[in-house]
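Notes follow once the structure below has been shown.
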Amino acid sequence: MRIGVVLSGCGVFDGSEITEAVSVLIAIDQLGGKAVCLAPNIPQMHTIDHLEKKPTAEPRNVMAESARIARGQISDIENANASDLDALIFPGGFGAAKNLSNFASKGDACEVVPSVAKLARAVHEAGKPIGFLCIAPVIAARLFGATVTIGNDADTAAAIKKLGGTHVECGPTEVCVDEAKRIVSTPCYMYDSSPAQAFEGAKKLVEAVMKLAKR
């Protein structure tokens, strides 16, 4: 089973949340799947010094930074085909709200990066499942009006409703499955989770996605 993993950079504040992304990659491997790492080949919204938690002037590229997590094995999402994948998964991190979409700056008026939206819609239209971790479910709300969870953050839950989605409150290791739309989500680090909890939630999401893909 080939599962596309859409990365958004490297680091929680300006890219993919690394523990979540690696947890997804490990879970796919443990469950007998093959991860296919993808990212848009575009500039990051900005770059954050993760020690000081402040913006820097250094420009970075989303795909080049994502390659750090993928050990260099990554492709431009612009060239990806839904027919080559059995499912798609979006790890969280602010990159999902800054580089894959502009939710961080536009809130419920956000749009999804065209290349990301194109592949996600194609996978969805083919009846294949898609998983979203942490803040990434805002993308599912925007594109599909799906039922999702981001945990219990009231402001983000309200934004999801304005985006056309439905929010379900879940714990950090729980998953929400929209059976009709074949969308799976889990909060992970939307809570002050431990790495073990993040991995547990990620693995449950991968399990649910793979279960849907086999139907």
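The values are calculated or read from the model by the stated rules, or taken from the named source; none is laboratory data. Everything numeric here is computed off the predicted structure, so don't read it as measured data. Cβ placement follows ideal geometry from the backbone for every residue including glycine, while neighbour counts extend to all protein chains displayed. Surface areas here come from the heavy atoms of the whole protein model, side chains and all, with no ligands, DNA or RNA. Shrake-Rupley method; radii C 1.70, N 1.55, O 1.52, S 1.80 Å.
Summary of values
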quantity	calculated
Projected-area average for segment 92-215 over all orientations - Cα convex hull basis, square nanometres	6.6
Backbone HN-Hα couplings from phi across segment 171-184 [Karplus 6.51/-1.76/1.60, Hz, Gly and Pro as x]	x, x, 10, 8, 10, 10, 10, 8, 4, 5, 9, 6, 10, 10
Per residue accessible area in Å² of the chain, where ligands, DNA and RNA are left out and the probe is 1.4 Å	43
Charge dipole (debye, nearest 20) of segment 146-215; +1 at Cβ of Lys and Arg, -1 at Cβ of Asp and Glu	460
Burial ranking of peptide ranges 197-208, 114-125 (average Cβ count within 10 Å, highest at the top)	197-208, 114-125
Charged-residue dipole, Cβ positions (Lys, Arg, Asp, Glu), the chain about Cα centre, Debye nearest 20	520
Within the accessible area of segment 17-147 (1.4 Å probe), percent carbon and sulfur	49
Net charge of neighbours whose Cβ lies under 10 Å from the Cβ of SER101, counting Lys and Arg as +1 and Asp and Glu as -1	+2
Nonlocal amide H pairs with GLY93, under 5 Å, H built at 1.01 Å	GLU17, ILE135, ALA136
Where only alpha carbons of the chain are counted, the Rg and the Dmax (Å)	15.2, 48
Percentage relative contact order, segment 98-172, counting C-alpha pairs under 8 Å, at least six apart	25
Local net charge near THR149, Cβ-Cβ under 11 Å (Lys/Arg +1, Asp/Glu -1)	-4
For PHE132, residues with placed amide H under 5 Å, excluding near neighbours	PHE90, VAL184, SER185, THR186
Modelled FRET efficiency - R0 30 Å, LEU51 with ASP155, Cβ distances, 0.05 increments	0.65
DSSP-defined beta bridges in the chain - what % are antiparallel, rounded to 5	30
Radius 14 Å from Cβ of LEU51, net charge of other residues (Lys, Arg +1; Asp, Glu -1)	-2
Computed magnitude of the charge dipole of segment 10-78 (debye, nearest 20; Cβ of K, R +1, Cβ of D, E -1)	120
